[in-house]
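K.L.:
Before we start, here is the structure in question, set down as structure tokens.
The values are calculated or read from the model by the stated rules, or taken from the named source; none is laboratory data. On a predicted model such as this, the values are computed, not experimentally measured, just so you know. Note that each Cβ is placed from the backbone with ideal geometry, even for glycine, and that neighbours are counted across all protein chains shown.
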Amino acid sequence: MTRKSELDELGPWSEIKLEIIREYAQAYSKILSAQTAPDLVHIYIDAFAGAGVHVSRTTGRFVRGSPLNALLIGPPFREYHLIDLKREKVASLRKITSDRQDVKLYEGDCNTILLNHVFPKVKYEDYRRGLCLLDPYGLQLNWGVIETAGRMRSLEIFLNFPIADINRNALLRDPDAAKDEHVKRMNGYWGDEFLERRRLFEEATSVR
Ligand SMILES: C[S@@+](CC[C@H](N)C(=O)[O-])C[C@H]1O[C@@H](n2cnc3c(N)ncnc32)[C@H](O)[C@@H]1O
């Protein structure tokens, strides 16, 4: 087990988030399991999976992370695809899931892993469906992932919108004050030059 001091500390809002995701995944799995199509398979994808366990800031106790919650859901998903960028987080997931044949772990950037390795396993025409949790800390997700998921018709995404990162770093009162790196991240997330459009809009409306 990863040492407590190395785990993410969760504020109360994150514990509420985990409960909402758990209930949603539970309902999704129940509904998909009740479908009459005999070949229909549903899978769970956690693209920013974390270590699988966290520590509550309120109680100091261990708290199950989103992948562990999903693994305990019944009726179960057929497969679980868990991705994290950090080696130590994937190592923790490996320990926690060592007895599960239905879990596949990936270490690396989910933006490429989803498109190249995971989404191809959830094709509509193969009678496969998936719930994909996108729970980044901030603007680490690329628009291409959301766009592709939307086109596939087989995937439902659950996106934790990174409003704090956007407000703090990109959506500043003075749009020209945003640093290039943050403008780049915002554009990658949003899929177009959102901040440039906002600047032009504000220029146009202030002329009147
Ligand atoms: C908010 S935490 C996820 C918590 C997890 N969903 C839960 O509720 O238990 C975000 C995780 O995303 C990982 N991460 C950051 N950038 C990533 C990327 N590009 N691809 C995959 N994982 C990434 C971080 O290492 C971190 O573990």
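K.L.:
May I ask you to list pairs of residues, at least six apart or on different chains, whose Cβ atoms are under 6 Å apart, with the first in the stretch 25-38 being closer than 16 Å to C132 by Cβ and the second being of a type in the set (F, W, Y)?
P.N.:
S29/F77
K.L.:
Looking at the structure I just gave you, is R87 away from the ligand (no atom under 13 Å from the Cβ), more than 26 Å from P12 (Cα to Cα) and either out of contact with any strand residue (DSSP E or B) (no Cβ under 6 Å at 6 or more places or on another chain) or touching a residue at least 12 places away in the same chain (Cβ under 8 Å) (or both)?
P.N.:
Considered against the rule, which asks whether it is away from the ligand (no atom under 13 Å from the Cβ), more than 26 Å from P12 (Cα to Cα) and either out of contact with any strand residue (DSSP E or B) (no Cβ under 6 Å at 6 or more places or on another chain) or touching a residue at least 12 places away in the same chain (Cβ under 8 Å) (or both), R87 comes out as no.
K.L.:
In the stretch 114-127, what residues are at negative phi and surrounded by fewer than 20 Cβ atoms within 10 Å (Cβ to Cβ)?
P.N.:
The answer is L115, N116, H117, P120, K121, K123, Y124, E125, D126.
K.L.:
Where residues in the stretch 131-155 are away from the ligand (no atom under 16 Å from the Cβ) and under 20 Å from K104 (Cα atoms), which of them is surrounded by the fewest Cβ atoms within 10 Å (Cβ to Cβ)? Steps first, please.
P.N.:
Let us first name the residues in the stretch 131-155 that are away from the ligand (no atom under 16 Å from the Cβ), namely 147, 150-155.
This time we only want the ones that are under 20 Å from K104 (Cα atoms), so: 154-155.
Working: S154: 19, L155: 21.
Only one residue tops the list, namely S154.
K.L.:
Same structure, new question: Filter the stretch 91-112 down to the residues that are surrounded by fewer than 20 Cβ atoms within 10 Å (Cβ to Cβ), of a type outside the set (S, T, N, Q) and assigned to a helix (DSSP H, G or I), then identify the one that is nearest to the ligand (Cβ to nearest atom).
P.N.:
Among residues in the stretch 91-112 that are surrounded by fewer than 20 Cβ atoms within 10 Å (Cβ to Cβ), of a type outside the set (S, T, N, Q) and assigned to a helix (DSSP H, G or I), the one nearest to the ligand (Cβ to nearest atom) is A91.
K.L.:
Failed condition for C132, given (1) in contact with a Leu (Cβ under 8 Å, 6 or more places away or on another chain); (2) part of a helix (DSSP H, G or I); (3) under 21 Å from P67 (Cα atoms), with all others met?
P.N.:
Looking at each condition in turn, C132 falls short on (2).
K.L.:
Shifting gears a bit: Suppose we filter the stretch 35-57 for residues that are at pLDDT 95 or above, more than 16 Å from the ligand (Cβ to nearest atom) and in a loop (DSSP other than H, G, I, E, B); how many remain?
P.N.:
1
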